[in-house]
Amino acid sequence: MSFLPNEDVYPYTTVVYVEARFGSNWVVGSGVLVGANDVLTASHMIYDPNYGAADEVLVYASYNPSQFNTSYSAVYLEYFTDFDPDGDGFLFPGDGSPLTLGGAELDIALISLSAPIGNAQGWMGMDPNFWSGSINVTGFPGYANGYMVADTGFALVDRTDYYIDISAMDINPGNSGGPVWVNTSSGPYVVGVVSTGGAAATVDGHAWLFTSIIENDIYIDGLVLFGARDMELVAATYQFFTGAVPGEAGFLYLIDSPGNASDLNDAYYAVFNQENRFINFANNLGAFGVGADAFDAAYGGLSFNQAVAKAYDAIVGIAAAEGAGIDVAAALAFFQGSIGFYTAVALERVTPSGVPLAEATKLVMIGSVLHESMKADVGLYAGAVNDFVSDYMSDGEAFFGLSLFA
């Protein structure tokens, strides 16, 4: 039996009211918080096959039409576009195949917010292992004039397709995107999202959701996600080999991403000291990566000693070094005299991938010069990278995706 829950009491605090604007037309529906800034809803709430993606999406937590409600704007949307191929507004529950998805199976989406409202409201977990049992359906059906409505009942997941049969539940326009959820001893878990009056897309079949709710933390205002040493490494090497630092998503992928099994915080890099991390990034970028062509053009025709002098001037700067009281001739002699060490490292870690020894040795040297410059906090790169990292650490914001010397 349906009832009006208290929207200010958990877990109902996690169910949100969603508005989406398509041109001058607004549609309303429901959603649920599944993370600090993550709202699960239906794809058809934020994408129209005949119009495209919504121009604006607003989310309201603890919504009550009798009081003032704060809206939170979506900053990123992830959704499917082919849930209704003919655009007639009628969705099949599924496509009749356990190997592919169609219709309501695809009617699921993720809204990312810049405000971590889940920290105050709480959020539900997601359970991809639900097959049958007692369920709850909560949302904002139109007949309730903006008030939250909850219903309870029993439901089954289809034996073939990734949808839950909710035809026995109280489902009306406005429930779209709202959670189908279960109460467990460890808390409430979303098992599906209302698509039509008879079907809810399951979270099972959508493993991408579990990755996205981690990776989209980059959109949270003021959140510091990266350590200074990791940022320093990525910024310095990418600036040198590509002429710019990566975008924020690139930093996340390289430093700590569930989608990258060899990021800087995975086991692969755990055995490397910081110098070897710099060398590894130099190899990855300069041998066959996005910086390979630029490296070959700038350093391919140089002797090792010439390459040391050129790299030192680019990274530290002759004038900057002299201004800091460094004996430039001695510094160059140190790096040039380390050719035996650089060659040994190149033979062990670079040439097996097919890089000629002379070029591999230069790559190792560049990684070492970058590291020594950052460690000593001297020179052009050290100053620019430190400014970039300090800017980010102050408020979680920085000029990503640009040259540090622009």
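Yes or no, residue by residue, for (1) surrounded by fewer than 19 Cβ atoms within 10 Å (Cβ to Cβ); (2) in a strand (DSSP E or B); (3) assigned by TED's automatic domain parsing to the domain that holds Ala104:
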| position | (1), (2), (3) |
| --- | --- |
| Val180 | no, yes, yes |
| Pro188 | no, yes, yes |
| Val191 | no, yes, yes |
| Gly197 | yes, no, yes |
| Leu209 | no, no, yes |
| Ile213 | no, no, yes |
| Leu233 | no, no, no |
| Ala236 | no, no, no |
Reported set for the range 301-352 where residues are touching a residue at least 60 places away in the same chain (Cβ under 8 Å), assigned to a loop (DSSP other than H, G, I, E, B) and of a type in the set (A, V, I, L, M, F, W, C) is Leu302, Val316, Val350
Quick check on my filter: what residues within the range 282-338 are under 34 Å from the mean Cα position of the chain (by Cα) and farther than 19 Å from Pro356 by Cβ? Val290, Ala314, Ile315, Val316
Since Ala168 meets every condition but one in (1) of a type outside the set (S, T, N, Q); (2) crowded, with 16+ Cβ neighbours inside 10 Å; (3) under 15 Å from Gly192 (Cβ atoms), which condition does it not meet? (2)
Out of all the residues in the range 357-372, is one or more of a type outside the set (Phe, Trp, Tyr), at pLDDT 95 or above and more than 20 Å from Leu285 (Cβ to Cβ)? no
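Being assigned to a loop (DSSP other than H, G, I, E, B) and under 19 Å from Pro11 (Cα atoms) is the filter here; which residues of the range 138-169 pass it? I'd like the intermediate steps shown before the answer.
Our first condition is that a residue be assigned to a loop (DSSP other than H, G, I, E, B); within the range 138-169, this holds for 140-141, 145-148, 158-162, 166-169.
Of everything in the range 138-169, those that are assigned to a loop (DSSP other than H, G, I, E, B) and under 19 Å from Pro11 (Cα atoms) turn out to be Phe140, Pro141, Gly146, Tyr147, Met148.
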(1) assigned by TED's automatic domain parsing to the domain that holds Gly367; (2) surrounded by 15 or more Cβ atoms within 10 Å (Cβ to Cβ) all hold for Ala261 apart from (2)
The lone exception for Gly29 - which of (1) assigned to a strand (DSSP E or B); (2) within 28 Å of Gly102 (Cβ to Cβ); (3) under 20 Å from the mean Cα position of the chain (by Cα); (4) among the small types (Gly, Ala, Ser) it fails: (3)
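Among the candidates Val316, Val345, single out the residue that is buried (at least 19 other Cβ atoms within 10 Å of the Cβ), farther than 27 Å from Ser403 by Cα and touching a helix residue (DSSP H, G or I) at 6+ places or on another chain (Cβ under 8 Å). If you could, list the steps in order and put the result at the bottom.
Working: Val316 fails: farther than 27 Å from Ser403 by Cα.
Just one listed residue meets the conditions, Val345.
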Residues of the range 221-231 that turn out to be surrounded by fewer than 22 Cβ atoms within 10 Å (Cβ to Cβ) and touching a residue at least 60 places away in the same chain (Cβ under 8 Å), as a count: 6
What number goes with the only condition from (1) more than 21 Å from the chain's Cα centre (by Cα); (2) crowded, with 22+ Cβ neighbours inside 10 Å; (3) more than 22 Å from Val28 (Cα to Cα) that Val137 does not pass? (3)
I'd like to check something: does the range 247-267 contain any residue that is touching a residue at least 60 places away in the same chain (Cβ under 8 Å), assigned to a helix (DSSP H, G or I), under 21 Å from Ser368 (Cβ atoms) and in contact with a Gly (Cβ under 9 Å, 6 or more places away or on another chain)? no
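Aromatic (Phe, Trp, Tyr) and at pLDDT below 95: which single residue out of Tyr76, Tyr47, Tyr72, Tyr60 fits that description?
Numbers: Tyr47 fails: at pLDDT below 95; Tyr72 fails: at pLDDT below 95; Tyr60 fails: at pLDDT below 95.
Of the residues listed, the single one that is aromatic (Phe, Trp, Tyr) and at pLDDT below 95 is Tyr76.
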Scanning for something in the same structural domain as Gly87 (by TED's automatic domain parsing) and closer than 14 Å to Ala120 by Cα, does the range 50-61 turn up at least one residue? yes
Those residues of the range 112-126 which are part of a loop (DSSP other than H, G, I, E, B), more than 18 Å from the chain's Cα centre (by Cα) and surrounded by fewer than 18 Cβ atoms within 10 Å (Cβ to Cβ) amount to Gly122
Looking only at the range 74-111, how many residues end up being surrounded by fewer than 20 Cβ atoms within 10 Å (Cβ to Cβ) and touching a Leu at 6+ places or on another chain (Cβ under 8 Å)? 6
If you scan the range 152-165, which residues turn out to be under 16 Å from Ser195 (Cα atoms) and of a type in the set (D, E, K, R)? Asp158, Asp161, Asp165
Might you let me know whether the range 363-370 holds any residue that is surrounded by fewer than 16 Cβ atoms within 10 Å (Cβ to Cβ) and either under 36 Å from the mean Cα position of the chain (by Cα) or more than 30 Å from Ser114 (Cα to Cα) (or both)? no
Quick one: what pairs do we get from the range 23-35, first residue assigned by TED's automatic domain parsing to the domain that holds Ile213 and free of Cβ contacts under 8 Å to residues at least 12 places away in the same chain, second surrounded by fewer than 23 Cβ atoms within 10 Å (Cβ to Cβ) and acidic (Asp, Glu), C-beta under 6 Å, 6+ apart or different chains? Trp26/Glu19
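Can you go through Gly250, Gly259 and tell me which one is on the phi < 0 side of the Ramachandran plot and at pLDDT below 85?
Values: Gly250 fails: at pLDDT below 85.
Sole residue among the options that is on the phi < 0 side of the Ramachandran plot and at pLDDT below 85: Gly259.
The values are calculated or read from the model by the stated rules, or taken from the named source; none is laboratory data. Quick caveat, the model's predicted, so the values are computed rather than measured. Cβ sites come from the backbone with ideal geometry, for glycine too, and all protein chains shown count toward neighbours.
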